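These notes are about the structure you will find just below.
The values are calculated or read from the model by the stated rules, or taken from the named source; none is laboratory data. Being a predicted model, the structure only gives us computed values, none of them experimental. A quick note on method: Cβ atoms are made from the backbone with ideal geometry, for glycine too, and the neighbour counts reach across all protein chains shown.
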Amino acid sequence: MERITISLDEELATAFDALIAERGYRNRSEAVRDLLRRELEAARQRGEADGQCVATLSYLYNHHQRELAERLTGLQHGHHDLTVSTLHAHLDHDHCIECVILRGPSARVRRFAESIMAESGVRHGCLNLISVEVDTAVQPHGHAPAHPHTAEHKHYRPRS
């Protein structure tokens, strides 16, 4: 691990310490590492148009909005290759929240998320996108020793 030293004016240091306490960091180093990872990831995403990602998309909507739930489901089915899983929860008599796990090409995931958040009646949409490296692995496995087979699967490793 490499050690660095930074200087902060008193006001900035006090504000940073308050943030550290609020978020539950054990020390300044962990907080700085997280801030750096976040900024490096944002810079990477701006510079890479064709990279792969995993992402979560969360949004709140009024389920009474005319045909909105059906449109949202239709959009997810239309992008089944990007949609891994969806969690749906009822907040009250009118509002639902959904969290969708996505993976695939970053540009396609971003366009899909934007299309969901642009639907009339969807509010408070938020996309959290993480760049990954994708490795394809072939590993033998089987149900019984007499019938082994190989299966190809992918590993998604965060880039930061």
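Structure above, values below:
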read-out	value
Residue match in segment 95-109 (condition: among the aliphatic types (A, V, I, L, M) and in a helix (DSSP H, G or I))	yes
Test: residue in segment 49-60 that is surrounded by 14 or more Cβ atoms within 10 Å (Cβ to Cβ) and part of a helix (DSSP H, G or I)	no
ILE6 vs. criteria in a helix (DSSP H, G or I) and β-branched (Val, Ile, Thr)	no
Which listed residue, of ALA89, ALA43, is on the phi < 0 side of the Ramachandran plot and under 17 Å from the mean Cα position of the chain (by Cα)	ALA43
Meets criteria (assigned to a strand (DSSP E or B) and modelled with pLDDT of 90 or more) for HIS88	yes
Qualifying residue in segment 11-31 (condition: without any contact (Cβ under 8 Å) to a residue 12 or more places away in the chain and within 16 Å of SER131 (Cβ to Cβ))	no
Residue within segment 17-24 that is out of contact with any Phe, Trp or Tyr (no Cβ under 8 Å at 6 or more places or on another chain), of a type in the set (D, E, K, R) and loosely packed, with under 12 Cβ neighbours inside 10 Å present	yes
Segment 20-48, residues that are in a loop (DSSP other than H, G, I, E, B) and among the acidic types (Asp, Glu)	GLU48
Residue match in segment 65-76 (condition: of a type in the set (Asp, Glu) and either over 22 Å from ARG108 (Cα atoms) or not assigned by TED's automatic domain parsing to the domain that holds ARG111 (or both))	yes
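Here is a yes/no grid of residues against (1) modelled with pLDDT under 95; (2) not assigned by TED's automatic domain parsing to the domain that holds LEU82:
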{"residue": "ILE101", "(1), (2)": "no, no"}
{"residue": "ALA107", "(1), (2)": "yes, no"}
{"residue": "ASN128", "(1), (2)": "yes, no"}
{"residue": "HIS141", "(1), (2)": "yes, yes"}
{"residue": "ALA146", "(1), (2)": "yes, yes"}
{"residue": "ARG159", "(1), (2)": "yes, yes"}
